[in-house]
1. Do we find that Thr175 is more than 18 Å from the chain's Cα centre (by Cα), modelled with pLDDT under 80, under 21 Å from Arg7 (Cβ atoms) and not in a helix (DSSP H, G or I) in this structure?
2. The conditions are (1) at pLDDT below 75; (2) surrounded by 14 or more Cβ atoms within 10 Å (Cβ to Cβ), and Phe184 fails exactly one of them. Which is it?
3. For residues that are at pLDDT 90 or above and of a type outside the set (A, V, I, L, M, F, W, C), scanning just segment 87-105, find the one that is farthest from the chain's Cα centre (by Cα).
4. Do we find that Val114 is modelled with pLDDT of 85 or more, aliphatic (A, V, I, L, M), outside any helix (DSSP H, G or I) and surrounded by fewer than 20 Cβ atoms within 10 Å (Cβ to Cβ) in this structure?
5. Could you list, in sequence order, the residues of segment 1-36 that are touching a residue at least 40 places away in the same chain (Cβ under 8 Å), assigned to a loop (DSSP other than H, G, I, E, B) and surrounded by 14 or more Cβ atoms within 10 Å (Cβ to Cβ)?
Amino acid sequence: MQAEHVRHIMTEAVLTIGVHEPITEALRLFASHPVHHLPVVDGSELKGMLSSADMLKLEHFIPKSSTPASIALLTEKFHIDTLMRQPVVTAALDDTIADAALRMVSHGVHALPVVNDDNHLVGIVTTSDIMQALLHGIGFKTTPTQDEVKRQPTELEMRHILEAANLATLNGTDTAGIAACLLFLHERNVLLEELRVDVARYVRGGQDERLHTSLLKDIDRLDRQMALSTRL
């Protein structure tokens with residue numbers, strides 16, 4: 001499996017809004033474009049994040065008739081820098097797709113602005129982008145080379161390898177720690193596969209509460225495994 005990166009699936013032409021723009025501009029952008037997230041920028045520097053859900057806070061204040069007086073009142077009462085979410089949960093260009101998916105799940109968000117080392121906005125990645133990546137098999141080699149096929153053990157061979165590794169750790173012959181490392185990587189691969197399945201269900205079928213809880217449990221199990229490995 002190759003570690004594909006956020007840069008390969010993100011959208012580079014990002015619709016943004018300036019931090020000093022009036023709130024009516026945010027309403028206009030959400031109404032006229034098929035987007036649910038607006039990165040808030042000052043120049044190209046990321047300052048915050050607005051979502052269509054944030055706009056629901058204005059529901060009872062949006063005038064039914066757009067008179068100059070009502071628009072002026074709305075603009076005076078609400079400002080982008082007070083409605084936007086900050087600090088922003090972001091992704092970096094070289095984050096893996098799995099990293100981005102885990103971050104979305106753990107923070108309960110559906111889009112990550114992608115920033116460079118200077119916190120300048122360079123793209124955005126959404127749950128839809130990750131879903132498309134999964135559906136198209138991004139991150140997996142669909143046509144392995146002959147050498148790669150030769151290196152892949154069968155299920156029976158893998159079972160024998162793991163049994164031998166367990167035996168080596170029990171009888172003290174694993175002096176170099178190779179068997180222990182193999183067992184650790186196998187367990188981690190199992191946990192990652194369970195997480196992959198849950199993430200695929202999450203982005204394809206909707207974000208119900210039970211599935212969200214299952215994803216958090218997957219992440220906790222991976223965290224515990226990593227914490228245990230650092231103490232060994």
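1. So Thr175 does not fit the description; no.
2. It fails just one condition, (1).
3. It comes out as Pro87.
4. In short, no.
5. Those that are touching a residue at least 40 places away in the same chain (Cβ under 8 Å), assigned to a loop (DSSP other than H, G, I, E, B) and surrounded by 14 or more Cβ atoms within 10 Å (Cβ to Cβ): Glu4, Ile9, Met10, Val14, Thr16, Val19, Glu21, His36.
This table checks each residue for (1) loosely packed, with under 15 Cβ neighbours inside 10 Å; (2) in contact with a His (Cβ under 7 Å, 6 or more places away or on another chain); (3) modelled with pLDDT of 75 or more.
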{"residue": "Asp42", "(1), (2), (3)": "yes, no, yes"}
{"residue": "Asp54", "(1), (2), (3)": "no, no, yes"}
{"residue": "Pro68", "(1), (2), (3)": "yes, no, no"}
{"residue": "Ile71", "(1), (2), (3)": "no, no, no"}
{"residue": "Thr82", "(1), (2), (3)": "yes, no, yes"}
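The values are calculated or read from the model by the stated rules, or taken from the named source; none is laboratory data. On a predicted model such as this, the values are computed, not experimentally measured, just so you know. For neighbour counting, all protein chains shown are included, and Cβ atoms are generated from backbone atoms with ideal geometry for every residue, glycine included.
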